[in-house]
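Some notes on the structure that comes next.
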Amino acid sequence: MKTQRFRDLLQGPHPIVLAGAHDAISAKLAERAGFDAIWVSSFGISAAQKSMPDANVVTMTESLEVAKNINAAVKIPVIADCDNGYGNAINVMRTATEFAGAGIAGISIEDATFPKRCSLYPGRHDLVSTEEMAGRIRAAKSAPGGRELVVIARTEALISGLGIEEAMKRATAYAQAGADALLIHSKAKSSQEVLEFAKIWRGKTPLVVVPTMFPTASVEELHQAGFKVIIFANQALRAAVAAMRDQLNILRKEGRAEVIDGAIASLEEVYDLVGVQEFQAREEQFIPTSEEPVSAVILAAGFEQQLLPLIEDRPKAMLEIKGRSILERQVSLLRAAGIRNISVVRGYRAEAVHLPNLHLYENPAYQTTGTAASLFAAEPALKGRLLILYGDILFDRTILERLLQSSADVSLAVDRAWYDLYLTQGRSPEGADLVITHDHPVQSHRFLPSEEPARILKIGQRIDSKSATGEFIGLGSFSPNGIAWLKEAFQVGQALPQEAPFHEARNFAKASLTDLLQEMINREHPVHAVEIYKGWLEVDTFEDYRRAWSKL
Ligand code: SPV
Ligand code: MG
């Protein structure tokens, strides 16, 4: 236990060096710096937590709260500065019980009147009588939990200008009252006063010192003189104030965060301090996730004659629309949805496809093969839960979310606006991947997404546009089952004679993803439509490209 640890340190031969902390993170930093214990400074918490003077304006429960936070953040013992115990001996009893109950190793109680003023402030410092203070110490030790608690009795006799003799008289009385240690506080400009006290102190009770006003005194020197515990009470707070003041001034003036980057802690350091790694490990350990991580394969191998010269030096996926390529936009959308494992199949102008952190696959035969071959060029990536998308589509985030929510083994995003566009705007069915679903009447001018995803009966470009219920937008999600069916369909195609047609494809090499999907459907594997209404576009022609610019 931390209390025992502190008692052991008191018995040991070395000086015990404490750093004052004002919150959990300053305590953590003090622990990392190698301090033996933490001093929960009333000066520090008044300033940092409340921006108020150190004058008993922070209540016992507020101090306790901070001490608990600090105690939870560090493994080393915590000594709480409890001022005067927040009142008389009765208040001291409750203070002792509460802090002991919170696992705080020790408390410091001083002989200042209530309310107190910080010892370092100029002006009056009134003390209670020696007897009253001795009563506080006896009260602390006899309170429930108080016996184990390390109780430091602090005299402000030197602070009040009462002299060494009075300090000695008080210290002796407090030691007799049962104090575990005695803090002889001083704000003299030199350590002479406290050194003199230590020199003539004959008691066995260990001495504590706070060398704020005589900062040249070293731990070694103070220890040699007879002090067992040395508290650097407010340096962490003052370091934080100086650093924040300077960097905020620069930041305000320059208006760009980068200018102070070198002077502030990295995010990683903060992550480390607050235990992000442990947090993530616990998430994995204790929070069940029904969803396996989703990965994505983007098919960006193809070459389309009609887009020349636009795509002279790059494939469609790398076409820029308002400063960002289609692929970049897709990747950032996928990443925002939590999909980290993203593969891209390159073919035409492969060298132009480069974005960080992508798995790259190649379909060198992109000129003579279809999207099915491109997909299987990324065969190692075809596993788990997978999104498959064409590299030439731009789509709304909500479409992605709806697909990810679907529990079907195979879900394809199907645009039901097809009917309206085809009928009212005369959109050409040329090149569109159309679908016929099982349970939806075609002639519907209104769109309401159905609760249950509709099963797709037919998919392809040669479907009669009047009977099509929608258009496959080139984005689908597959469960591990769905992937297995896809592989089965691919094997079926591969087993065909070279010149045999495969659904709409002249031969299997030319097969599209939609041909594989049709094969799956024919094998009675359920392929479902997640119905959407607009919110996407495909870049297939110059006109599409122009439209993309105007829409984004
Ligand atoms: C504190 O840190 O709150 C102390 C030490 O009590 S001092 O501020 O020097 O009084
Ligand atoms: Mg204090």
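Taken over segment 280-308, the criterion of being hydroxyl-bearing (Ser, Thr, Tyr) and open to solvent by 100 Å² or more (accessible area, probe 1.4 Å) is satisfied by Thr289, Ser290. Of the helices (runs of 4 or more DSSP H) lying entirely inside segment 1-79, the ones with 2 or more residues being of a type in the set (Asp, Glu) are found at 60-73. Filtering segment 83-101 to residues that are away from ligand 1 (no atom under 16 Å from the Cβ) and of a type in the set (S, T, N, Q) leaves Asn88, Asn91, Thr97.
Within segment 102-135, how many residues are assigned to a helix (DSSP H, G or I) and within 16 Å of ligand 1 (Cβ to nearest atom)?
Counting residues in segment 102-135 that are assigned to a helix (DSSP H, G or I) and within 16 Å of ligand 1 (Cβ to nearest atom) gives 1.
Do you know which residues across segment 369-402 are of a type in the set (Val, Ile, Thr) and more than 30 Å from the chain's Cα centre (by Cα)? Answer for segment 369-402, where residues must be of a type in the set (Val, Ile, Thr) and more than 30 Å from the chain's Cα centre (by Cα): Thr369, Thr371, Ile393.
Applying the criterion of at least 2 residues that are farther than 30 Å from Arg138 by Cα and within 16 Å of ligand 1 (Cβ to nearest atom) to the helices (runs of 4 or more DSSP H) found wholly in segment 179-273 leaves 235-254. Restricting attention to segment 35-58, report how many residues are more than 14 Å from ligand 2 (Cβ to nearest atom) and either more than 29 Å from the chain's Cα centre (by Cα) or not assigned by TED's automatic domain parsing to the domain that holds Arg117 (or both). Going through segment 35-58 one residue at a time, the tally reaches 1. Each residue in segment 309-345 was checked for being open to solvent by 20 Å² or more (accessible area, probe 1.4 Å), part of a strand (DSSP E or B) and at pLDDT 90 or above, and 1 of them qualify. Kindly establish whether Gly482 is assigned to a helix (DSSP H, G or I), in contact with a Phe, Trp or Tyr (Cβ under 6 Å, 6 or more places away or on another chain) and crowded, with 21+ Cβ neighbours inside 10 Å. Taking the combined requirement at face value, the residue does not satisfy it. Close Cβ contacts (under 6 Å, 6 or more residues apart or on different chains) running from residues in segment 260-276 that are of a type in the set (Gly, Ala, Ser) to residues that are assigned to a helix (DSSP H, G or I) comprise Ala263/Gln247.
If you check Glu156, Glu132 for being surrounded by fewer than 17 Cβ atoms within 10 Å (Cβ to Cβ) and modelled with pLDDT of 95 or more, only one passes: Glu132.
Looking at Thr212, Thr205, which is the one that is closer than 14 Å to Ala181 by Cβ, at pLDDT 95 or above and of a type in the set (Ser, Thr, Tyr)?
Thr205
The set of residues from segment 95-120 being within 38 Å of the chain's Cα centre (by Cα) and open to solvent by 10 Å² or more (accessible area, probe 1.4 Å) comprises Thr97, Glu98, Ala100, Gly101, Ala102, Gly103. Residues in segment 27-84 that are open to solvent by less than 50 Å² (accessible area, probe 1.4 Å) and of a type in the set (S, T, N, Q): Ser41, Ser42, Ser46, Asn56, Ser63, Asn71, Asn84.
Checking segment 347-355 against the condition returns a match, with at least one residue being open to solvent by 30 Å² or more (accessible area, probe 1.4 Å), of a type outside the set (Asp, Glu) and outside any loop (DSSP other than H, G, I, E, B).
The values are calculated or read from the model by the stated rules, or taken from the named source; none is laboratory data. Since the structure is predicted, the reported quantities are computational estimates derived from the model, not experimental observations. So basically every Cβ, Gly included, is an ideal-geometry build from the backbone, and we count neighbours across all protein chains shown. Heavy atoms of the whole protein, side chains included, go into the accessibility calculation; ligands, DNA and RNA do not. Shrake-Rupley method; radii C 1.70, N 1.55, O 1.52, S 1.80 Å.
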